[in-house]
Amino acid sequence: VAGALFPFITPGLLAAPFLLKDKFDNSRKVGKIGVPLMVIHGDKDDIVPFEQGKRVAALKQDARLVEVTGASHNDLFGTQYEEMVLGELVRFATEAPAEQPPAPQHVQ
């Protein structure tokens, strides 16, 4: 995230990675999620760029990306976006999961 927000520091982070304290790598964790994934992301997020939310959602075949137009990082609830976000959460939690392809058949 830091490199995306402040490209001028990327060379420093590459030379001294110990300066980066938060090394949470979403891309390596997405594959371990065994349930459907929904990523809710404001397109005006100034903390985690929206493009990163799109990349995370693209890493999982059954992921749903919900773009909240005009929302930033901490304004999804208690604002004009809350009703839409809650509606998406309810829809996601209550809809039937996509049909999974049948398991391969072993013929003997």
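The numbers here are math on the coordinates, done by the rules we state, and not lab data. Since the model is a prediction, treat every value here as computed from it, not as a measurement. As a convention, Cβ positions derive from the backbone with ideal geometry for all residues, glycine included, and neighbour counts pool all protein chains shown.
Out of residues 5 or more away from Gly42 or on other chains, whose amide H comes under 5 Å of its own, with H placed 1.01 Å from N in the peptide plane?
Residues meeting the amide H criterion: Val68.
Would you kindly derive the ³J(HN,Hα) couplings of region 25-38 from the backbone phi angles with the Karplus curve 6.51 cos²θ - 1.76 cosθ + 1.60 (θ = phi - 60°), listing them in order in whole Hz, with x for Gly and Pro?
Taking θ as phi minus 60°, the curve returns 9, 4, 4, 7, 8, 4, x, 8, 7, x, 10, x, 10, 10 Hz for region 25-38.
HN-Hα J couplings of region 55-61 from phi, Karplus 6.51/-1.76/1.60, θ = phi - 60°, integer Hz, Gly and Pro as x?
5, 4, 4, 5, 7, 10, 4
Arg64: net charge of surrounding residues, Cβ under 13 Å, Lys/Arg +1, Asp/Glu -1, itself excluded?
Values: positive: Lys54, Lys60, Arg91; negative: Asp62, Glu67, Glu88, Glu95.
Net charge around Arg64: -1.
Could you pull out every residue, at least 5 positions away or on a different chain, whose amide H is within less than 5 Å of the one on Leu65? Hs are placed 1.01 Å off N in the peptide plane, and Pro or chain starts have none.
It is Val39, by chain and number.
Hey, what did region 36-97 get for relative contact order, percent, Cα under 8 Å, at least 6 apart? Spell out each step's value before the answer.
Working: 78 pairs, mean separation 22.9, N = 62.
Over region 36-97, the number comes to 37 percent.
How fast does region 36-97 diffuse by Stokes-Einstein, in µm²/s, taking the Kirkwood radius from C-alpha pairs at 4 °C and 1.567 mPa s? Before the final figure, lay out the partial values.
Values: Rh = 12.0 Å.
Translational diffusion coefficient: 108 µm²/s.
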